[in-house]
Amino acid sequence: MKHLTIILIGVAAILLVIAGCEREITGDLKLADNSSVGCFDCHSDSDVMLRQARIQYENSVHAVADNSNRNRLYNSRYQSCEKCHTHQGFVEFVTAEPATGDHFTAIECFTCHAPHSSGSLGLRVQDPVILENGVAFDRGAGVVCATCHHSRQDVTTYVVDSVSVNSRFGPHHSNQSDMVIGTGAYEYAAYSYSSSWHSTGVADGCISCHMSNSMHESVGGHSWNMENEDRGFENITGCNQTGCHDTSPLGDLNPLASADFDWDGTTEGVHDEIEGLLDSLVVLLDAANLTDSTGRPISRTVASADSAGAIYNFKFVEEDRSHGIHNTKYTVGMLQSSINFLLTGNPNGAPSGKIAMISSH
Ligand code: HEC
Ligand code: HEC
Ligand code: HEC
Ligand code: HEC
Ligand code: HEC
């Protein structure tokens, strides 16, 4: 009997290694205690979970990895980018063990998990992430996301008087963590900012929304997508879970806003209200020669931090890319205060109509 078990384990292990040979083997294959029996905890009974994660992962932008060439081997000036844009750079950053090898690869399973060295599917990052402005992001398993998805600038030292602006001015495409917890925008001293429930109430932060619906291959789970535009499919399961929008379930990701934020006379979906505010802000930024009409910052020295802050807030909302869903109140606050500042010099107030409409007359 014992003999048979050993033969079975041996055969299974050989099959496993053959299956593994289809891909480049990137992880350490030995478990801490050097045994192979532990392999079957994950590679037999729970195999479905691994396959499911794999299929979903193939539909993730992480797997597409258009920007994984941002690393020192491709171009030395990209070394600061690799900790977020490559597997090796991230592992070096979180383990402090120098990255080796002659080509850096895209984010994959072993970027966030280290099953073969830890023997579990636990995440490499467990502690709160300190954002560039010193504020801690502490939202359960979402800390692994925040390690990469945070602003690259500290607004308090980046947006100052006489700042030299260029076309790349802004927090970088990755400021979602700052937005979610309501920090890191340019905050006008005279304005009082607040945040939506999402900033504190969603226990696992990013994970609770982006990894909900783990049964679908192109949204939720390890795809981390909230929608499949081709199929017109939106992932609203996370929104409607118990304790969230379950008493009045959401039908889509553009739910009716609580007020007419963009002053156009109609209360529309959150996405549309935020787009309305962005349209208005860019009209004013363009008129002040701070950006062009598409919102691209103009290279120049900007005398006051309050003016540069309006550009920063425009980019902050654009680069967050959730159209206000991550933190509606904070998004509305930073756009309204920027618009009012550019109009009157006072971040508080309410224009007599939607700026983008008034100014096109
Ligand atoms: C805690 C769970 C876990 C344990 C235990 C485990 N693995 Fe894995 N293994 C994984 C995950 C996750 C992957 C990545 C799956 C994928 O790429 O789809 C993986 C991938 C592999 C691969 C493919 C390598 C690659 O780079 O894609 C091989 C081969 C493999 N494991 C062998 C083993 C062997 C042999 C053992 C026992 C010594 C073992 N595994 C134990 C979770 C585990
Ligand atoms: C190692 C750094 C890193 C980690 C960790 C990480 N991401 Fe990403 N993420 C990226 C990068 C880089 C991209 C863009 C890929 C590219 O352009 O090459 C991206 C893209 C995305 C996108 C797609 C955006 C689009 O363009 O549609 C989503 C959604 C996303 N990440 C969510 C998450 C979530 C949720 C987590 C946590 C489970 C997470 N990410 C963890 C670096 C990371
Ligand atoms: C703190 C982590 C981090 C660092 C450092 C970082 N990035 Fe990114 N970058 C991201 C994340 C996360 C995304 C994806 C965000 C999204 O898709 O919303 C991204 C997206 C991008 C994109 C794609 C934008 C798009 O819309 O397709 C480019 C280009 C890019 N980064 C270039 C760079 C370069 C160049 C550097 C180094 C000078 C760099 N990044 C450093 C996290 C980082
Ligand atoms: C960007 C980070 C990231 C990457 C890359 C990643 N995972 Fe995960 N994985 C997570 C997070 C976050 C969780 C949820 C952990 C939690 O809730 O505590 C998770 C959970 C899992 C689980 C447990 C599922 C469950 O619900 O219990 C499995 C299995 C898994 N991952 C396999 C994989 C495989 C296989 C790959 C590669 C195809 C992969 N992961 C890539 C972040 C990642
Ligand atoms: C309350 C639910 C929720 C939370 C929490 C959340 N997101 Fe999102 N996220 C969304 C929704 C909804 C969208 C917009 C999707 C759409 O409309 O296309 C989005 C959009 C994004 C995008 C742009 C994707 C794209 O296709 O353009 C990225 C990247 C992203 N989120 C990352 C994160 C990260 C990282 C965190 C944690 C710091 C996070 N999100 C927390 C719901 C959430």
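Each Cα pair under 8 Å and six or more residues apart adds its separation to the average, and for the chain the resulting relative contact order is 15 percent.
Its alpha carbons considered, the chain gives a radius of gyration followed by a Dmax of 23.6, 87 Å. Taking the fewest neighbouring Cβ atoms within 10 Å as the starting point, the ordered list for I339, I107 is I107, I339. Using a cutoff of 8 angstrom between alpha carbon atoms and counting only pairs six or more residues apart, the relative contact order for the range 205-254 works out to 26 percent. Between helix 328-344 and the chain there is an angle of about 30 degrees, using the helix long axis and the longest principal axis of the Cα atoms.
Computed from backbone phi with θ = phi - 60° and the Karplus coefficients 6.51, -1.76 and 1.60, the 3J(HN,Hα) list for the range 137-151 is 9, 9, 10, x, 5, x, 5, 5, 5, 5, 4, 9, 8, 9, 4 Hz; x is used for glycine and proline.
Could you list S218, S80, S223 so that the one with the fewest beta carbons within 10 Å of its beta carbon is first and the one with the most is last? Each step should come with its number before you reach the end.
Working: S218 18, S80 13, S223 26.
Result, fewest neighbours first: S80, S218, S223.
For the range 45-58, 3J(HN,Hα) computed residue by residue from phi via the Karplus equation (6.51, -1.76, 1.60; θ = phi - 60°) reads 4, 9, 3, 3, 5, 5, 5, 4, 4, 4, 4, 5, 4, 4 Hz, glycine and proline entered as x. The HN-Hα couplings worked out from phi for the range 121-130 by the Karplus form 6.51 cos²θ - 1.76 cosθ + 1.60 (θ = phi - 60°) are 8, x, 8, 5, 10, 10, 8, x, 9, 8 Hz, whole numbers, x standing for Gly and Pro. Computed log10 I(q)/I(0) for the range 43-117 at 0.19 Å⁻¹: -0.81, from the Debye equation with unit scatterers placed on every C-alpha and solvent omitted.
Once every Cα of the range 220-308 carries one equal point scatterer and solvent is ignored, give the base-10 log of I(q)/I(0) from the Debye formula at q = 0.16, 0.19, 0.20, 0.24 Å⁻¹, two decimals. For the range 220-308 at q = 0.16, 0.19, 0.20, 0.24 Å⁻¹, log10 I(q)/I(0) is -0.85, -0.94, -0.97, -1.11. Amide H contacts of F137 (H built 1.01 Å from N, in plane; Pro and chain starts excluded): V129, I130, L131 sit under 5 Å, all sequence-distant by 5 or more or on other chains.
Each label was represented as a point 7 Å from its Cα along the Cα-to-Cβ direction; for N133 and R152 these points are 1.9 nm apart. Each label was represented as a point 7 Å from its Cα along the Cα-to-Cβ direction; for S304 and Q126 these points are 5.0 nm apart. Given 0.36 nm per residue, what is the gain on full extension from A287 to S164 after removing their alpha carbon distance, in nm? Length difference between fully extended and current span is 42.4 nm.
Determine which residues of the range 171-205 fall in the zone a paramagnetic label at V61 would reach in this model, i.e. backbone nitrogen under 18 Å from the point 7 Å along Cα→Cβ. In the range 171-205, the label zone of V61 (backbone N under 18 Å from the point 7 Å along Cα→Cβ) covers 171-181.
Arranged by the count of other C-beta atoms within 10 angstrom, fewest first, what order do D66, D262 take?
Details: D66 9, D262 30.
Listed from fewest to most nearby Cβ atoms, that is D66, D262.
Amide H contacts of V165 (H built 1.01 Å from N, in plane; Pro and chain starts excluded): R300, T301, V302 sit under 5 Å, all sequence-distant by 5 or more or on other chains. Extension gain, N240 to N346, is 34.3 nm, computed as 0.36 nm per intervening residue step minus the present C-alpha separation.
Bear in mind that the values in this text are calculations on the coordinates, not laboratory data. Just so it is clear, the model here is predicted, and its values are computed rather than measured. Ideal geometry is used to build each Cβ from the backbone, glycine not excepted, and the neighbour counts take in all protein chains shown.
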